[in-house]
Amino acid sequence: MDTIFGNFPEPHNPFVLFGTVHLVTSAFLAVIGLMLIRKGMAANDRVRRRIRVSMALVFLFFEIEWQVWHLWHGVWTTDINLPLHLCSAMIWVSMYGLWFEDRRVYGLMYFLGIAGAIQAIITPNAHETFPHIRFVSTMITHSLLVICGLWVVFVEKYRPTFKSAVNAFLGLNAYALVVYFIDRAIGANYLYVVDKPAVATVMDYFPEWPWYIPILEGILIVLMAAMLLPFLQFKKGAS
């Protein structure tokens, strides 16, 4: 059981970035996501509701598991376990959006859910590999964030707009400002607005604080623009 639930001072079964397990798991979850979306597109309202609720409950299960695992091993701390990172916050936003079908948060689920989770799938913050619960939880929850972002577009027929993209961007910046002061107060680094991540990420190639923050903002703008582009309607000029 320790292989699945243990807490090791050093990695017992180390995660290998872009190794076979990482790539196979990513591909498997992508296929599951595609199947869910196709099922939702072809289903009636009752079945779609069941799928939405099921996805929300998966989020809730792994959020509870995350907290219980850290409490069980005596490693729960305010600088790690508060749901203040972007993906952690988006899990709760997505649960709300799925359960209550609130289209007001669909823009956040699409732009921020997908943008925030993609990097975590490509470079997951995992020390152990499959079948350890930390690897399983990380891959499933972040993949599900991407699936939910696509679900609201392809199944719920939500259409992102320039306004919704701007609102998501400004909302994230306002949230980051609040989190910055929380970080300073409790000695944490949520959203990485105080320092770079402790684990290896693409941010290692960026300049030090605070200069990497404008770079991240620029990357986010480019990514959100690319996500918005398929939904823009260009008017033909008068002949």
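Nothing in this text is a laboratory measurement; each read-out follows from the coordinates by a stated rule. Since this is a predicted model, take the numbers as computed values, not measurements. Every residue, glycine among them, receives a Cβ derived from its backbone with ideal geometry; neighbour counts consider all protein chains shown.
Sequence-distant contacts, meaning Cα pairs under 8 Å at least 6 residues apart, place the relative contact order of the chain at 23 percent. In this calculation the C-beta distance from THR3 to THR201 is compared with R0 = 30 Å, giving a FRET efficiency of 0.70.
When log10 I(q)/I(0) by the Debye sum over Cα atoms at q = 0.11, 0.18 Å⁻¹ is calculated for this entry, the matching label among (1) -0.62, -1.58; (2) -0.53, -1.43; (3) -0.53, -1.71 is (1). With the charge dipole of segment 1-145 set up from +1 on Lys and Arg Cβ and -1 on Asp and Glu Cβ about the Cα centre, the Cα lying farthest toward the positive end among the listed residues SER88, ALA30, PHE130 is that of ALA30. Set the Förster distance to 30 Å, then compute FRET efficiency between THR161 and VAL24 from the Cβ-Cβ distance, nearest 0.05. Once rounded, the FRET efficiency stands at 0.20. Each stretch of four or more DSSP H residues adds -39500 (n - 2.57); spread over every residue of the chain, this sum gives -20500 deg cm²/dmol at 222 nm.
Here the gap between PHE100 and TRP76, fully extended at 0.36 nm per residue and compared with their Cα-Cα distance, gives a gain of 5.6 nm.
Among complete DSSP H helices in the chain, those whose alpha-carbon atoms stretch at least 15 Å along the helix's long axis and whose mean Kyte-Doolittle hydropathy reaches -0.5 are 20-42, 45-72, 86-100, 133-154, 162-186, 212-228. Here the chain is assigned +1 on the Cβ of each Lys and Arg and -1 on the Cβ of each Asp and Glu. Its dipole about the Cα centre then comes out at about 1460 debye. Sorting ARG159, ARG52, ARG46 from the fewest to the most surrounding beta carbons within 10 angstrom yields ARG46, ARG159, ARG52. Extension gain, LEU177 to ARG50: 0.36 nm times the residue separation minus the Cα-Cα distance gives 42.1 nm. Kindly state, to the nearest 0.05, the FRET efficiency for ARG38 paired with TRP92, given R0 = 30 Å and r defined as their beta-carbon distance. The computed FRET efficiency comes out at 0.65.
Between the residues VAL178, GLY149, PHE18, the greatest Cα displacement towards the positive end of the dipole of the chain, with unit charges on the Cβ of Lys, Arg, Asp and Glu, is found for GLY149. Residues THR123, THR77, THR141, ranked from the fewest to the most other C-beta atoms within 10 Å, line up as THR77, THR123, THR141. Each of ASP102, ASP45, ASP183 was scored by other Cβ atoms within 10 Å of its Cβ. Listed from fewest to most, they are ASP45, ASP102, ASP183.
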